[in-house]
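The values are calculated or read from the model by the stated rules, or taken from the named source; none is laboratory data. Here the structure is a predicted model, which is why all the values come from computation and not from measurement. Here the Cβ is made from the backbone with ideal geometry for all residues, glycine too, and neighbour counts use every protein chain on show. The accessibility values were calculated without ligands, DNA or RNA, using every heavy atom of the protein model including side chains. Shrake-Rupley method; radii C 1.70, N 1.55, O 1.52, S 1.80 Å.
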Amino acid sequence: MTVLFGTSIPVGQANATLTGPGEGAARRTDATASACQTPAAAATQRPSEGSVHSWDLSTGVDGPGTRFVTFLAGCPLTCLYCHNPDTMRMRNGKRTSADDVIAEAGKYTRFISASGGGATISGGEPLLQPVFAGELLHRMKNDLGLHTALDTSGFLGARATDALLRDVDLVLLDIKSWDRETYKKVTGRPLEPTLDFARRLAGLGKEVHLRFVLVPGLTDARENIEGVASFAATLGNVSRVDVLPFHKLGESKWQALDMPFTLHDTPSPTAGQVAEAKALFAGHGLNAV
């Protein structure tokens, strides 16, 4: 069996080694029928397409169980520690139809379902392409019967319609800092739109896994972590907090793109620093892992 976990598959390099009898039947050959049945096509009056960077099968980092993860291209943030800077620009993706993505995911549905997994729409920032993201979520959930997750910074949360969110079972939401100046330094954008989106998700009762990247000398101040934790505890829908230690595994991608990686000299946090951050979240009644 070919091992796919953790390795992105560029669009056009489909791998069918896990395909079982009938599992590729999810492909819709009648684009017109698809256009009549899905929210995205209703909005655009044509079969949905978007800029896709790659897809992947992963376990443990993109939601529960084994997930079929679609990485959309383009992101309005410029995070200093981004480990996929090649997804920042939409032009770095390949124009791909929703039919093709669903057909690829359909090859693995039996395997994914057996693991208690599902499908995750990630990026880049998927809400930069809200119609296409909504199409994929709708069809992953309704055509393939998969648990769905949306991986987002929340900065473009206002673009997520209620219809899109109805097709989302779980939101993986990044809150990268509580201190506004630090957030702007890390991302190049303001924090408030993300907080507004988090409050909206709480009002809808949508389950959230919160992600917080611990960067020594940047996001690790106690008051910064306490601020994120205190806010998350007020929402009532955050079932898990992932404290993610900063790493430099994506530095080579920055170099390949001739982009300066300003955190070159920043160390990864120690196990003790990660444990302390988790304890601060747990002190607010949150399940920190």
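Restricting the search to region 262-276, which residues are assigned to a loop (DSSP other than H, G, I, E, B) and in contact (Cβ under 8 Å) with a residue 24 or more places away in the chain? Before you say what the answer is, go through the steps one by one.
Start the filter on region 262-276 by keeping residues that are assigned to a loop (DSSP other than H, G, I, E, B), which leaves 262-270.
Correct list: T262, L263, T266, P267, S268, P269.
In region 149-161, the residues that are more than 19 Å from R67 (Cβ to Cβ) form no Cβ pair under 6 Å with any partner that is in a loop (DSSP other than H, G, I, E, B) and open to solvent by less than 10 Å² (accessible area, probe 1.4 Å), whether six or more places apart or across chains. Evaluate the following for L150: is it open to solvent by less than 10 Å² (accessible area, probe 1.4 Å) and out of contact with any helix residue (DSSP H, G or I) (no Cβ under 9 Å at 6 or more places or on another chain)? Here the answer is no, as L150 does not meet what is asked. For region 204-213, the count of residues that are surrounded by 15 or more Cβ atoms within 10 Å (Cβ to Cβ), of a type outside the set (D, E, K, R) and in a helix (DSSP H, G or I) is zero. The criterion of at least 2 residues that are polar (S, T, N, Q) is met, among helices (runs of 4 or more DSSP H) falling completely within region 107-186, by 109-114. Within region 233-257, residues that are at positive phi reach partners that are assigned to a helix (DSSP H, G or I) and open to solvent by less than 70 Å² (accessible area, probe 1.4 Å) with beta carbons closer than 8 Å, at six or more positions or on different chains, in the pairs G236/A202.
Restricting attention to region 76-106, the residues being farther than 21 Å from H138 by Cβ, in contact with a helix residue (DSSP H, G or I) (Cβ under 6 Å, 6 or more places away or on another chain) and hydrophobic (A, V, I, L, M, F, W, C) number 3.
For region 86-102, filtering for residues that are part of a helix (DSSP H, G or I), more than 8 Å from S51 (Cα to Cα) and of a type in the set (A, V, I, L, M, F, W, C) leaves 3.
Among the residues making up region 166-182, those that are open to solvent by less than 10 Å² (accessible area, probe 1.4 Å) and under 14 Å from the mean Cα position of the chain (by Cα) are V168, L170, V171, L172, L173, I175.
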